[in-house]
1. Would you grab the residues whose amide H sits under 5 Å from the one on Arg82? Only those 5+ places off in sequence or on another chain, please, with H modelled 1.01 Å from N.
2. What's the extension gain from Asp237 to Ala169 if we count 0.36 nm per residue and subtract their Cα-Cα distance?
Amino acid sequence: MPGTIAVGVDGNDHSLAAADWAAAEAARRGMELCLVHASVRRPRAVVSAEETEARERWAADVLHDAGERAAKNHPGLTVTTRQLAADPVPALIAEAAGADLLVIGSRGHGTVVGHLLGSVGLHVLRQATGPVVVVRGPRDDGWRSRRYADGPAADEVVVGVQDLTELGAPVLDFAFAAAERTGARLRAVRAWTVPPVFAWSPGSLWLAEEGEGMDERERRGLDELLRPWRARHPAVDVATHTETGSAAQVLLTHGAGAALVVVGRRLPGRHGVHRLGPVALAALHHAPGPVAVVPHP
């Protein structure tokens, strides 16, 4: 089966940008595009039959227009639509479980820090079991991305590497595949901090730097981690960057002009807590381009 990319569509600029991105990605992967609109009347809302019918017609029109746009821009692309009378959060989580990729728009509110992602998106990202890409709508601050969805270019796919073990393998799988599909360079970024044992001992820190050097050890560890992926994706141009400092800040600095930023999210442990880590949250709120959140153990 060719697979499916699902995208949530609700008619705003952000969801339309997400639909455009998803259509290009589906065409590139040879997959089906499924446009999804989910909404439900709240229990306490008093809505007439005429208003309900008007809302349903509007939703159908939104899906139809988005489908026609996708088909026009990508001839040959198979496009389906799903109009669901359901709460958007569980509906989109279910779509994510059944699709190869879920794409959603960022429900932005201008450039107010901390308010660049709506509550629906946050809930979906915390609970989805598969990869989710969040796409920004049009911006008026002068930023223009060389878009990942436009195909081969001198763009970069930037991936944050927080763990030098293979636990983050799904994140690297996603990032390398994304770079390979578009001919983009892959930049693996890792931030590190001075271990606590060195924090109170300048002499120990000096000895470490005089030997191999802490940054050099981090870079060597990152290169070792990436070795199997380099071998599986020889066509991908790979660059690495290690730097001491905040992981979120380092990632945002190097991902500011990226065509796609890829971050990981740990799946719930034994306590079943669904959460987004600080690095993923920082990327979702502040990275100007699309952000992929990939669950991993």
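Coordinate-derived values only; no laboratory data. Quick caveat: nothing in here was measured; it's all calculated off a predicted structure.
1. So Arg82 has HN proximity to Leu35, Val36, His37.
2. Stretched out fully, the Asp237 to Ala169 stretch lengthens by 22.6 nm.
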